[in-house]
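Each remark here refers to the structure printed beneath this line.
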Amino acid sequence: MSILIDGNTRVIVQGITGRDGSFHASSMKEYGTKVVGGVTPGKGGILVNGVPVFDSIKEAVAATGADASVIFVPAKFASAAIREAADGGIDLVICITEGIPVQEMIENYHYVKARHKRLIGPNCPGLITPGKCKIGIMPGPIHLPGRIGVISRSGTLTYEVVYALTKAGIGQSTCIGIGGDPIIGTGFTEILEMFEKDPGTDGVVLIGEIGGDEEAKAAEFIKAKFSKKVVVFISGRTAPPGKRMGHAGALISGAGETAEAKVKAFRDIGVPVADRPDEIPGALSQ
Amino acid sequence: MKLFEYQSASLLSEYGIPVPHGEIARDPATAAEIIGRHGGTGVLKAQVLTGGRGKAGGVKLIRVGDDALKAATAILGMTIKENPVNALYVTEMTEIKKEYYISVVVDRNAKCSQLIFSSAGGMEIEEIAATAPEKIGRHPIDPFTGLDEASLRRTFETSFETGMLAYQALAIARNVYRLFKEKDCSLVEINPLALTAEGTLVALDAKIVIDDNALALRPELEVFRNPEEYSRDEIDARTASLSFVSLGGRIGCIVNGAGLAMATSDLIKYYGEEPANFLDIGGSSNSRKVVHALTILMRNPQVSAILMNIFGGITRCDDIAKGVIMAKESLDIRVPFVIRLIGTNDELGRRILGDQGLEAYTDLNEAIKKVISEAKRVSP
């Protein structure tokens, strides 16, 4: 079992003719993901590594029955791609693109929500149900099928943690990067709710960072409604206040947004927080 | 990106919000000359991109008979929270009867913008929130339909003594939001919004922050860019599409991905050393970024060893390895250089490095311990 995606998920790649879109469409296909089509306006009719390209989401959905899409288009066009996917009947939209202005993202968030669709990202690595379906840019081989869920605001740090889990023989049910921007489609709490209900998930690793209050909300939720094991890792303990640390959302603008405050929020409710990524497997099995 | 007060004031004015007349002075004589032209009175305000200016003595009221030249010289010689004062904004003096607060901010938790109004202006909003939270009104803004003017009008009608002032305040709120939207801001804050002795509302100080993501997509916003906000390294890093923050230690870091870059800095500290910097080469990296990153790190005389930590995803390890080879050929890398390489195309990357006699670690802890021991070896 898993959450959001499995071996039956049918995926469209928006921006499939670009450098990243074509590379990762192939990589997802090789992993076993059902990549059923791609969209690049004006390039309909061609094939990219055996994947048919369409001019629009509407055509792609009609021809392939896709239910998920992954967006690789540049920031300037990413909002249009998100909205087209939501309008075109795609239930799960994953936006990899980094650099969408925050006010555009506010509008995108409400646009997608009003259509009852789910957006993951933007500025995220995507998600993977190991051995079944990979939608995103993470390296497939570091993952191992299993029963631990992983949720993270980061990309490469998630790989680091997954790598540590796999090395310790701990497999994953689904790993999700929710994105490093201030406004994202799906937060920690919603994903925790899904993992709570998933019979295939025994516990969760949550990877947070400085900025915002997603972690504080997650801690409240865990205390009130989450029955499974959780281990947390927080990055940014050495980050100076007021400086944007790469992610647009990784900026300390209040006392509650520091790494220390977040570590404390989890420790106060008895959730273990690892100091190093390689301590996480041990903390999970305690 | 933060704007200076004088830039913010000129934007407010462009959007129809009343501000006092002001001019910029970069030397004491110019400041004194401006004061002289205005009958020997005015306000000297240090232009720095940080808060706490007033408490640090960076604002001085000049009355008839005061020595404007001396006051301007003093402020222009100050450093406020590590920011040297390079310019003064010289404005006319305003007689204040009462101070209010108004801002529009992005509320990341409610996933909308929000207008904040308080009748307790003059102090920082965090201070109002701590001392008089009941005096803060928060008005969520629907991204598609805009300000809820009915609710704002009610607030202003109870907060201001006359209908005329409530009307003025609503016009200001409308214009603040228009500016916030049109210039892709993440913050527009007027504090204080002052009621003058003449009975009108004037924006006496303002803080504007423009969204960095919008800046990258909208070249017309470049005119507001302030080189003072960033160090030379940060500017060069941005030109090369790298994200860089100086951290003051001696272990140079080059990492792909912001979360991993923060975690790498944290781990260096965990093992008892200090990171020199945060440097994220970003995703989809081309080989040249590695060369740019190493160039910036090599300029820092404090760096005694460098760690490059790459976990390939959208970044391909072979691109990184090629970048390392290019850098080796074009730069004098005079300190120990420890590489950790894993993820997408890592075998290929490792082979490229191996052909040049370079090794790469797979385990992060080992790589960090190694770079620390190397730093201690070259400068104990």
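Structure summary
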| item | result |
| --- | --- |
| Dipole of the stretch A:138-285, positive direction: furthest Cα of A:Leu284, A:Ile151, A:Ala219, with charges on the beta-carbon | A:Leu284 |
| Per-residue HN-Hα couplings for the stretch A:234-241 [Karplus 6.51, -1.76, 1.60; θ = phi - 60°; Hz; x = Gly/Pro] | 10, 9, x, 5, 9, 7, x, x |
| The stretch B:96-222, relative contact order [Cα under 8 Å, separation at least 6], % | 28 |
| Rounded FRET efficiency, nearest 0.05, which uses the C-beta distance separating B:Glu124 from B:Thr30 and R0 of 25 Å | 0.25 |
| Tensor-based shape of the stretch B:21-91 (alpha-carbon gyration tensor, a/c under 1.5 rounded, otherwise prolate or oblate) | prolate |
| Ranked A:Asp275, B:Asp184, criterion: other C-beta atoms within 10 Å, fewest first | A:Asp275, B:Asp184 |
| Mean Cβ count within 10 Å, highest first, over the residues of peptides A:165-172, A:177-184 | A:177-184, A:165-172 |
| Test item: Cα-centred dipole of the protein assembly as shown, Lys/Arg +1 and Asp/Glu -1 on Cβ, debye | 960 |
| Ranked list, fewest to most other Cβ atoms within 10 Å of each Cβ, for B:Glu33, B:Glu198 | B:Glu198, B:Glu33 |
| Calculated [θ] (222 nm, deg cm²/dmol) that DSSP helices of n ≥ 4 give over chain B, each run adding -39,500 (n - 2.57) | -11500 deg cm²/dmol |
| Table column - 3J(HN,Hα) (Hz), the stretch B:70-81, Karplus curve with 6.51, -1.76, 1.60, x for Gly and Pro | 5, 5, 5, 4, 4, 5, 5, x, 7, 10, 10, 6 |
| Angle in degrees between helix B:287-298 and the longest Cα principal axis of chain B, rounded to the nearest 10 | 80 |
| Nonlocal amide H pairs with A:Val48, under 5 Å, H built at 1.01 Å | A:Val53 |
| Fraction of beta bridges assigned by DSSP in the protein assembly as shown that are antiparallel (%, nearest 5) | 55 |
| Per-residue average of Cβ from other chains inside 10 Å of B:238-247 | 2 |
| Intensity falloff of chain A expressed as log10 I(q)/I(0), Debye formula with alpha-carbon point scatterers, at q = 0.15 Å⁻¹ | -1.10 |
| Peptide B:203-213 - average C-beta neighbours from other chains (10 Å radius) | 3 |
| Distant-in-sequence amide H partners of A:Ser235 (H built 1.01 Å from N, under 5 Å) | A:Gly208, A:Glu209, A:Ile210 |
| Whole-Hz ³J(HN,Hα) from phi, Karplus 6.51 cos²θ - 1.76 cosθ + 1.60, for the stretch B:208-217, glycine and proline x | 10, 10, 9, 4, 4, 4, 5, 4, 5, 9 |
| Ranked list, fewest to most other Cβ atoms within 10 Å of each Cβ, for A:His110, A:His247 | A:His110, A:His247 |
| Percent RCO, i.e. relative contact order, over chain B, from Cα pairs under 8 Å lying at least 6 residues apart | 12 |
| For B:Asp107, distant residues with modelled amide H under 5 Å away | B:Cys112, B:Ser113, B:Gln114 |
| Unit charges on C-beta of K, R, D, E only; dipole of chain B, Debye | 540 |
| Principal-axis tilt of helix B:364-378 within chain B, Cα atoms, nearest 10 degrees | 90 |
| Shielding of B:361-369 by partner chains, average beta-carbon count, 10 Å | 2 |
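All of the numbers you see were taken from the coordinates with simple rules; none came from a lab. What you see is a predicted model, and the numbers here were worked out from it, not measured in a lab. Because the Cβ atoms are built from the backbone with ideal geometry, glycine has one as well, and the counts that use them run over all protein chains shown.
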